[in-house]
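See below for the structure under consideration.
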Amino acid sequence: MIHPLSDVQTLNIGTDTDIWQFCVVLEDAKIGKKCNINAHVFIENNVCIGNNVTIKSGVQLWDGITIEDNVFIGPNVTFTNDIFPRSKKYMENVLRTTIKKGVSIGANSTIIAGITIDKFSMIGAGSVVTKDIPKNELWFGNPATKQGYVCECGNKCEEDLYCDICQGKY
């Protein structure tokens, strides 16, 4: 479903993906299957979004961002794409930002350009992420720092990476 009040220019959209009102999706963007793109989202050309991704309202995805499968991006998460921005100065080479499979990013977090957030990690609301995040780690704060580990099921793990909820060990 593409809401009639959105401006979707790409044809690269998987089946069962919903794009809600007031979204803008540029021509070369790629969006996978069973995604939910909430209202007021902007997706630039050189963006690739996997399957089963949820992007909440107020998010802008700039050139150079890759989001893998089963990712949750909370409301008003901010991605940057230029470390030294100036008005009317345009980047020759876009920094690549990669959000790996199963990551969750809490509301109002800021993700600095050129980093990778590895599989099943979780970023707490309001965090400022300035460096790569290893898999299954919980980070939050400003700047974000490691606060523990999270399971693939989303629960906080013990230091030995054992989950009391699903009994997974990582």
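Side notes on the structure shown:
- The stretch between Thr15 and Gln147, if pulled fully straight at 0.36 nm per residue, gains 43.8 nm over its current Cα-Cα span.
- Placing +1 on each Lys and Arg Cβ and -1 on each Asp and Glu Cβ, with no other charges, gives the stretch 1-144 a dipole about its Cα centre of roughly 280 debye.
- For the stretch 31-117, the set of trypsin sites (Lys or Arg not before Pro) satisfying both a DSSP loop assignment and a count of at most 14 other C-beta atoms within 10 Å is given as Lys33, Arg86, Lys88, Lys89.
- At an R0 of 25 angstrom, the distance between the Cβ atoms of Glu158 and Asp69 translates into a FRET efficiency of 0.40.
- Computed 3J(HN,Hα) for the stretch 48-53, one whole-Hz value per residue from the Karplus formula 6.51 cos²θ - 1.76 cosθ + 1.60 where θ = phi - 60°, is 10, 10, x, 8, 6, 9, glycine and proline marked x.
- Summing +1 for each Lys or Arg and -1 for each Asp or Glu among the other residues whose beta-carbon sits under 14 angstrom from that of Met91 gives 0.
- Its relative contact order, with pairs defined as Cα atoms under 8 Å and 6+ residues apart, puts the chain at 11 percent.
- When DSSP beta bridges are restricted to pairs lying wholly in the stretch 7-157, around 15% turn out antiparallel.
- Ordered by the number of other Cβ atoms lying within 10 Å of each residue's own Cβ, fewest first, Glu27, Glu92 fall into the sequence Glu92, Glu27.
- Alpha-carbon centroid distance for the pair the stretch 89-146 / the stretch 1-54, whole angstrom: 21
- Among 69-80, 146-157, 3-14, the peptide with the highest mean count of other Cβ atoms within 10 Å heads the list, and the full ranking is 69-80, 146-157, 3-14.
Throughout, read-outs are computed from the coordinates displayed, never taken from laboratory work. The model shown is predicted, which means the values in this text are computed figures rather than measured ones. Because the Cβ atoms are built from the backbone with ideal geometry, glycine has one as well, and the counts that use them run over all protein chains shown.
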